[in-house]
Amino acid sequence: MVEDDELAGLLARVAIGDRAALQAVYARQSTRLFGTAMAILRDRTAAADALQDAFLKLWQRAGQFDPKRGQAQAWIGQIVRHAALDAARARGREVLSDDPSLGDAAVDPTALDDLSAVEDGRRLRHCLRQLDEMPRQGIVLAFVHGLSHPEVAERLGTPLGTVKSWIRRGLLTLRECLA
Amino acid sequence: MSDTLPTDPEARELLAGEYVLGTLDARQAAAVNAAMLTDSDLAEAVATWSRCLAPLSRLALPEAPPSDLWTRIEATLPANPRIIAAPVASRLSWLWRGWALGASLAAAVLAVIAFLPNAEQPAFMTVLVSDRASPAWIAQTDRLGAISLAAVRPAFGDPQPAAPDGRVMQLWGLHPGQAAPVSLGLLPRTPGRVTIPTPALRPVNDMLIEISLEPAGGSPTGRPTGPILFYGRLIEVPAPK
């Protein structure tokens, strides 16, 4: 992917302290990344703080990115997700499961079609479709919206223990399918 | 972190998966973070799950951040990057091919002063040695305070000055009389030659320079957490007449 090669090149420049390269990463990725943080935090101030935190980490860790071990876009996205998840944990992940902005689009099975834009996404979509509806929703809610087990349970109207076992079994099925 | 992590392979796989999924609570996530420092299999499992699940990020709707966010980010970036440039191949290594294991450090320093090719006159220098006292890095500073490191080709059987997978070598400085080392940056994975143009600590005589082995991303605590691989003390080099 040309786009990802370009990002990887920018990360290599960030690693040697090139601010303009970090700004170029921001210019290309901030809308996507802010969306990632917003899906988890659902608060523009908190999402902006998480993105700021993530870009500071990028500045410090860009040298750790190894293009042989993964794609630049996914690597950057994961730093942002973890920054947002840390913020969500720090504020106690108050349950906002009745928030109307929360992820109806993402739990709609047709939303998985969005995954087909990239090769890895097509494989993941294929594997996610092997899961039952509810475990799949649980996994998507957790990953995309940063919901904890109790939040997923409340959202899906299912006992906590059931949700935990769905997610575990879902992950094992995914791993087997993706291997 | 008193949590003991599971040893059962399936339970470990699930722990890594749930870490990436984000369903671990803060305490469990911190336990995984801590364990990944020393448990490279767990770190690898986390990396694999990250790659597998990354496409799910596409399901979040893109949204433009506040217009002043970049300005805010730029204002908080540390003035000096803590990450050091990728190395070029060591031009000094040939010097050391025939280096006898038992040679004294004083001789090493003198040899460097005498033969260092096209280098600036260093203000301080030292040879960083392993715990077997074999020279591994030449460290020197210039009159402006920049610190340069050049890897020395190790004698047979000595540790390579390179970090294993998932770990990184971190450079530290400690002024005489101080207790807490200060991070000077992360070293590239492969040995070579690196320069830290503006180190976080001003080079002074008798300053301890050490390199520790740390988890990817560097020490999470701001102090060395892994073994000290190499160390040496700066000595002043007389200015040219």
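Descriptive notes on the structure:
- A single entry from B:D158, B:D131 fulfils the requirement of being surrounded by 13 or more Cβ atoms within 10 Å (Cβ to Cβ), more than 14 Å from every other protein chain (Cβ to nearest Cβ) and either at pLDDT 50 or above or in a loop (DSSP other than H, G, I, E, B) (or both): B:D158.
- Qualifying residue in the range A:62-72 (condition: more than 15 Å from the chain's Cα centre (by Cα), more than 8 Å from chain B (Cβ to nearest Cβ) and not in a helix (DSSP H, G or I)): yes
- When the helices (runs of 4 or more DSSP H) confined to the range B:1-55 are screened for residues that are of a type outside the set (D, E) and modelled with pLDDT under 90, those reaching at least 2 such residues are found at B:26-38, B:40-53.
- Residue satisfying all of: in the range B:24-73; more than 23 Å from A:R32 (Cβ to Cβ) and facing chain A (nearest Cβ under 8 Å); nearest to the chain's Cα centre (by Cα) among these: B:A29
- Selection over the range A:123-179 of residues that are closer than 25 Å to A:G35 by Cβ, within 18 Å of the chain's Cα centre (by Cα) and of a type outside the set (A, V, I, L, M) gives a count of 14.
- When each of A:A47, A:A37 is tested for being within 26 Å of A:A90 (Cβ to Cβ), crowded, with 17+ Cβ neighbours inside 10 Å, facing chain B (nearest Cβ under 8 Å) and small (G, A, S), the lone residue that passes is A:A47.
- Within the range B:202-213, considering residues that are assigned to a strand (DSSP E or B) and either free of Cβ contacts under 8 Å to residues at least 60 places away in the same chain or under 11 Å from B:R233 (Cβ atoms) (or both), the one farthest from the chain's Cα centre (by Cα): B:L208
- Just one of the listed residues (A:I167, A:I139) is facing chain B (nearest Cβ under 7 Å), more than 28 Å from A:D4 (Cα to Cα) and either of a type outside the set (S, T, Y) or part of a helix (DSSP H, G or I) (or both), and it is A:I167.
- Among the candidates A:R28, A:R61, residue that is basic (K, R), buried (at least 16 other Cβ atoms within 10 Å of the Cβ) and touching a Gly at 6+ places or on another chain (Cβ under 6 Å): A:R61
- Only one entry in B:P176, B:P199, B:P220, B:P224 is in a loop (DSSP other than H, G, I, E, B), of a type outside the set (D, E) and farther than 30 Å from A:F65 by Cβ, namely B:P176.
The values are calculated or read from the model by the stated rules, or taken from the named source; none is laboratory data. Note that the structure is predicted; figures quoted are calculated from it, not measured. Neighbour counts run over all protein chains shown; Cβ positions are idealised from the backbone, glycine included.
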